[in-house]
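Colleague: Here's a structure for you.
The values are calculated or read from the model by the stated rules, or taken from the named source; none is laboratory data. It should be emphasised that the depicted structure is a prediction, and the values quoted were computed from it without experimental measurement. All Cβ positions, even for glycine, are placed from backbone atoms using ideal geometry, and neighbour counts span all protein chains on display.
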Amino acid sequence: MDPFELKRLGIIMEPEPGNPLEVEGVLNPAVVRGPDGELYLFPRMVAKGNYSRIGIARVLFNPKGDPIGVQRIGIALEPEADYEKRPNGGGGCEDPRITFVEPLNSFVMTYTAFSAAGPRIALAVSADLLHWERLGLAKFAPYNYIQFNEVNNKDACIFPKALLSPHAHPSLVMLHRPLFPGTRPEDFVKQPKERRIRDHHECIWISYSHLNSKPYHSSPLPRFASNSPLALPQSSWERLKIGAGAPPIMSRHGWLLVYHGVMQGNSTPDIHDELVYAAGVMVLDTVNPHKILYRSTDPVLSPELPQERIGMVGDVVFPTGIDQRSDIGCPDRYDVYYGMADNRIGVAQLDLPDKLPEDKN
């Protein structure tokens, strides 16, 4: 049994009836505390034709301190840059994660920009969460002759503090999930279960960008280098792929990372596209995030509710936001916000155990 206890608190946001911006769902949100101490939620809002914007909402709480709903505020980003638009009028600003990055004294958003070239990681910065400035697409150094800038990429998030790179440079550190050709879950389900998992299959990578003394909005974004896999698929519930979920957050055990894994669901010999998305937990070393101190052998959250099993994409719980509840005197409580079947947004309470099991280090 996983020592991390997680219980559902409810549905936090659903598509607003009659709102064309949300007709195909609200999902996969970022959450972050603002300068005013309020909790803000940034959902992916999907209009007809999978046209995605990133919205802004304020999370509402009941007297006990549990989240119970949202107040919509507006739009943070919508497809405007070339790398967010497709020739047919489509486009996407998708699946944001937001971190307050201390050395930059700014909120940094990573999101998926979906253009004709495919999904890529884009970044934006803000001082107040209401006004966002695009920094452009993330640039990567090559890895073993692989040109990362030409590879589809998703599920990026940033650590809130500067960490030393493998070359001992203070750096902005990113987790991300490259999508190398032939590595989709739909490709893997056709392969034997004992297939060898290689480093370039869909998994969580870690990369470092040396911190620049100049403000990021007035100078080119440094490229991410020292690229390497952090974690490969391991347990049966994540056999097909894993990816970073909510941004890493410091706990008393180390960097807490809630991530997602994908396994094959109820497919038949003729149908190989039934997938199940679940959530797990990793704890990374405080100083060296390459070192994994703990990792779930079983999921901490799996699709069970009808709203998690039936939607735009069925059988999906997809964690993307996390909020430490120090505001109510519970620093070992973390509220995890997640997409439900690509249609709604749920929240669940994650309780930190007193210690990590030694046999899972």
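Colleague: Identify the residue in the range 266-287 that is at pLDDT 95 or above and assigned to a loop (DSSP other than H, G, I, E, B) and, among all such residues, is surrounded by the fewest Cβ atoms within 10 Å (Cβ to Cβ).
Modeller: So, considering only residues that are at pLDDT 95 or above and assigned to a loop (DSSP other than H, G, I, E, B), the one surrounded by the fewest Cβ atoms within 10 Å (Cβ to Cβ) is 287.
Colleague: Looking at residue 164, is it surrounded by fewer than 21 Cβ atoms within 10 Å (Cβ to Cβ), within 25 Å of residue 203 (Cβ to Cβ) and touching a residue at least 60 places away in the same chain (Cβ under 8 Å)?
Modeller: So residue 164 passes the test.
Colleague: A further question on this structure: Among 38, 5, 80, which is the only one that is farther than 25 Å from residue 128 by Cα and surrounded by fewer than 23 Cβ atoms within 10 Å (Cβ to Cβ)?
Modeller: The match here is 5.
Colleague: May I pose another question? Would you mention how many residues in the range 321-356 are part of a helix (DSSP H, G or I) and either out of contact with any Gly (no Cβ under 6 Å at 6 or more places or on another chain) or among the small types (Gly, Ala, Ser) (or both)? First the steps, then the outcome.
Modeller: Within the range 321-356, the subset part of a helix (DSSP H, G or I) is 326-328.
Checking the rest, the ones that are also either out of contact with any Gly (no Cβ under 6 Å at 6 or more places or on another chain) or among the small types (Gly, Ala, Ser) (or both) come to 326-327.
So the count comes out to 2.
Colleague: Does residue 97 count as more than 14 Å from residue 44 (Cβ to Cβ) and either basic (Lys, Arg) or in contact with a Pro (Cβ under 8 Å, 6 or more places away or on another chain) (or both)?
Modeller: Details: more than 14 Å from residue 44 (Cβ to Cβ): no; either basic (Lys, Arg) or in contact with a Pro (Cβ under 8 Å, 6 or more places away or on another chain) (or both): yes.
No: the conditions fail for residue 97.
Colleague: Restricting to the range 147-183, count the residues that are in contact with a Cys (Cβ under 9 Å, 6 or more places away or on another chain) and among the basic types (Lys, Arg).
Modeller: 1
Colleague: Let me ask something else. What residue, of 35, 79, 43, is part of a loop (DSSP other than H, G, I, E, B) and touching a strand residue (DSSP E or B) at 6+ places or on another chain (Cβ under 8 Å)?
Modeller: 79
Colleague: Does the range 45-69 hold any residues that are buried (at least 21 other Cβ atoms within 10 Å of the Cβ), in contact with a Pro (Cβ under 8 Å, 6 or more places away or on another chain) and closer than 16 Å to residue 322 by Cα, and which are they?
Modeller: Across the range 45-69, the qualifying residues are 57, 59.
Colleague: Next up: Taking the residues in the range 302-313 that are without any contact (Cβ under 8 Å) to a residue 40 or more places away in the chain and surrounded by fewer than 21 Cβ atoms within 10 Å (Cβ to Cβ) as candidates, determine which candidate is nearest to residue 258 (Cα to Cα).
Modeller: Filtering first and then ranking leaves 304.
Colleague: Residues of the range 136-159 being surrounded by fewer than 18 Cβ atoms within 10 Å (Cβ to Cβ) and in contact with a His (Cβ under 9 Å, 6 or more places away or on another chain), which ones?
Modeller: Once the filter is applied, which keeps residues that are surrounded by fewer than 18 Cβ atoms within 10 Å (Cβ to Cβ) and in contact with a His (Cβ under 9 Å, 6 or more places away or on another chain), the range 136-159 yields 144, 146.
Colleague: Any residue that is surrounded by fewer than 21 Cβ atoms within 10 Å (Cβ to Cβ), under 18 Å from the mean Cα position of the chain (by Cα) and either of a type in the set (Asp, Glu) or under 29 Å from residue 354 (Cβ atoms) (or both) - is there at least one of those in the range 10-17?
Modeller: no
Colleague: So, of the residues in the range 332-361 that are over 16 Å from the mean Cα position of the chain (by Cα) and without any contact (Cβ under 8 Å) to a residue 60 or more places away in the chain, which turns out to be surrounded by the most Cβ atoms within 10 Å (Cβ to Cβ)?
Modeller: 333
Colleague: Another one. Considering only residues that are surrounded by 19 or more Cβ atoms within 10 Å (Cβ to Cβ) and in contact with a Leu (Cβ under 9 Å, 6 or more places away or on another chain), which ones fall in the range 18-33?
Modeller: Within the range 18-33, 29, 30, 31, 32 qualify.
Okay, residues lined up against (1) touching a residue at least 60 places away in the same chain (Cβ under 8 Å); (2) under 29 Å from residue 282 (Cα atoms); (3) among the polar types (S, T, N, Q); (4) touching a Gly at 6+ places or on another chain (Cβ under 9 Å):
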site	(1), (2), (3), (4)
5	yes, yes, no, no
16	no, no, no, no
20	no, no, no, no
43	yes, yes, no, yes
64	no, yes, no, no
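Colleague: Could you check how many residues of the range 115-129 are within 19 Å of residue 80 (Cβ to Cβ) and either modelled with pLDDT of 95 or more or in contact with a Ser or Thr (Cβ under 6 Å, 6 or more places away or on another chain) (or both)?
Modeller: 9
Colleague: Name the residue that is nearest to residue 171 (Cα to Cα), counting only residues in the range 225-260 that are in a loop (DSSP other than H, G, I, E, B) and hydrophobic (A, V, I, L, M, F, W, C).
Modeller: Narrowing the range 225-260 to residues in a loop (DSSP other than H, G, I, E, B): 232-235, 239-240, 245-248, 252-253.
If we keep only those that are hydrophobic (A, V, I, L, M, F, W, C) too, we end up with 232, 240, 246.
Details: 232: 23, 240: 31, 246: 20 Å.
Step by step, filter the range 225-260, then rank; the result is 246.
Colleague: Now for a separate question. Hey, among 158, 121, which residue is touching a Pro at 6+ places or on another chain (Cβ under 7 Å), at negative phi and among the hydrophobic types (A, V, I, L, M, F, W, C)?
Modeller: 158
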